[in-house]
Amino acid sequence: MKVIVASFQCESNSKAKLHPQKHDFEYFQGEDIFKKLVVKDVFEKNGFEVVPSIYAVALPSATVERETYEYYAEQILQTVRENPDAAGVYIFFHGSMEVEEIGSGELYLLKKIRGIVSEKCLIALSLDAHANITDELCSYADIISGFKTVPHIDQVECQLRSANALCYCLKNGVKPHAYMVRVPFLLKNDTLQTAYEPLKGLIEETLALEKREDIFTANLFLGHCWIDAPNTSASTVVCALEKQTAERVAKDLANKLWATRRSYRFLCEAELPEECVKRAIEGKERRIFITDSGDNTTAGAEGDTTGILRLFLAANPNKKTCVAGITDYELVNALWNTKDGGQVRVESLNADGVIKSHGEILGWTKEIIGRSLTVSFGNVDAVFTEYRSAFIEKGNFDKANVDLLGYEIVVVKLGYLFTELKPYADRELFALSDGASCVELARLNLKRIVRPMFPLDEFDWEA
Ligand SMILES: [Zn+2]
């Protein structure tokens, strides 16, 4: 029996401007997809013939344009057309890919696949915990498994859970039932972290449920507030042997998740940018990080805003400060040929600076994706990158030729600070800045989401 394996992921952001292009996707085809996916062994050990399709994964970006979407979707469909007798299909999606003119990229592809494979074919998915589940998803997918960690560290376990469940069902002739309940809340993504209560306890409950013989997966999806679409919200999805079980357990989890809606808080100081800059300058800690959450490149924003940099330039701090990862192609290009130590004028900032260092951008996949240029304005160094970047670890600073350890204040374009940077941060300030990844739901002005929606609306709800 054959199982087709593929992955196609890009988390969308309706407010962002940069649509992912074909070359923005990290791409593998055939056997090479298993450099990235871990499910091959599971299927082979269970006696299945594995048919690899493609792996195409891009950083969070603006919505996907139809042509780009179809370029990759068509390759997956081609594999399915060549193997219409497949017993199973496994796909690792994100779950929040919004395609222009199409809507949910995941749902659209699943509908097409269902039109090709046999009625008996089982489809299993792995999804990000921030997937915005469509109402129809469970009509097209049999097994759905989401990450249980935010920040995400269990991508491997999530793949294995779906793959193992798919093997079990195919070998035992079981047709599982997936049931989804939309939980009408949409909270600040960065306040929802699974290492802390109340999510910690709820996740443990899903793990206990999955130990039951009659439940394959039990999932909490927390939603992702940066897409203006009808499927944007939290949800629960349960896959079980019996439809009634899936429904009952999904509703029970939904009610429990709903009950926690007022419990989520930022786990660090979260303030407007002006206050963060003030606190960072006055702070006594050895090194203070500020995350520019409204321009969070890992949430699809461009990383091109200079609001916090301008605040520091105006404040002229007596601390060594680094603002890292400002996207500005024109600036890098125009000043690139000036040697280190050379004086430059940056008109866009109305400031004179000195070139501090030339460097490279370490990309998401640890490859070099372009050039960076660091300009010093007194005590404030600004690292400009010709393409969008995410400074998530010390390696990004190293490649940019700036010494992270030499700074007392560091600004990065993230939401919560990535685990890899935490050891360098004696204090963390979350700047509630405006931008494509602004965390204030009311300021996002979402028009297409289902209402009522907490916290925009106050209402009673029960699954
Ligand atoms: Zn996520």
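Some observations on this one:
- When residues in segment 254-275 are screened for being within 13 Å of Gly415 (Cα to Cα) and free of Cβ contacts under 8 Å to residues at least 12 places away in the same chain, 0 of them pass.
- Consider segment 186-242 and keep the residues that are of a type in the set (Asp, Glu) and more than 16 Å from the ligand (Cβ to nearest atom). The one that is surrounded by the fewest Cβ atoms within 10 Å (Cβ to Cβ) is Glu213.
- Single residue of segment 138-185 satisfying the filter (among the aliphatic types (A, V, I, L, M), closer than 28 Å to Arg262 by Cβ and out of contact with any helix residue (DSSP H, G or I) (no Cβ under 6 Å at 6 or more places or on another chain)) that is surrounded by the most Cβ atoms within 10 Å (Cβ to Cβ): Ile144
- Total residues in segment 69-97, condition away from the ligand (no atom under 16 Å from the Cβ) and within 24 Å of Leu170 (Cα to Cα): 16
- Residues that are over 16 Å from the mean Cα position of the chain (by Cα), closer than 13 Å to Thr232 by Cα and part of a loop (DSSP other than H, G, I, E, B), drawn from segment 169-198: Pro184
- When the criteria are applied in full, Glu247 fails the requirement of being surrounded by fewer than 23 Cβ atoms within 10 Å (Cβ to Cβ), free of Cβ contacts under 8 Å to residues at least 60 places away in the same chain, of a type in the set (Asp, Glu) and not in a strand (DSSP E or B).
- Close pairs (7 angstrom Cβ cut-off, 6 or more residues apart or separate chains): free of Cβ contacts under 8 Å to residues at least 24 places away in the same chain in segment 189-212, within 14 Å of the ligand (Cβ to nearest atom) anywhere: Lys200/Thr194
- Among the residues of segment 133-153, the ones that are within 16 Å of the ligand (Cβ to nearest atom) and charged (D, E, K, R) come to 1 in all.
- Index of the failed condition, Tyr90 passing every other in (1) buried (at least 21 other Cβ atoms within 10 Å of the Cβ); (2) in a loop (DSSP other than H, G, I, E, B); (3) modelled with pLDDT of 95 or more; (4) not acidic (Asp, Glu): (2)
- Residue within segment 403-415 that is within 22 Å of Asp24 (Cα to Cα) and not in a loop (DSSP other than H, G, I, E, B) present: yes
The values are calculated or read from the model by the stated rules, or taken from the named source; none is laboratory data. Just so it is clear, the model here is predicted, and its values are computed rather than measured. A quick note on method: Cβ atoms are made from the backbone with ideal geometry, for glycine too, and the neighbour counts reach across all protein chains shown.
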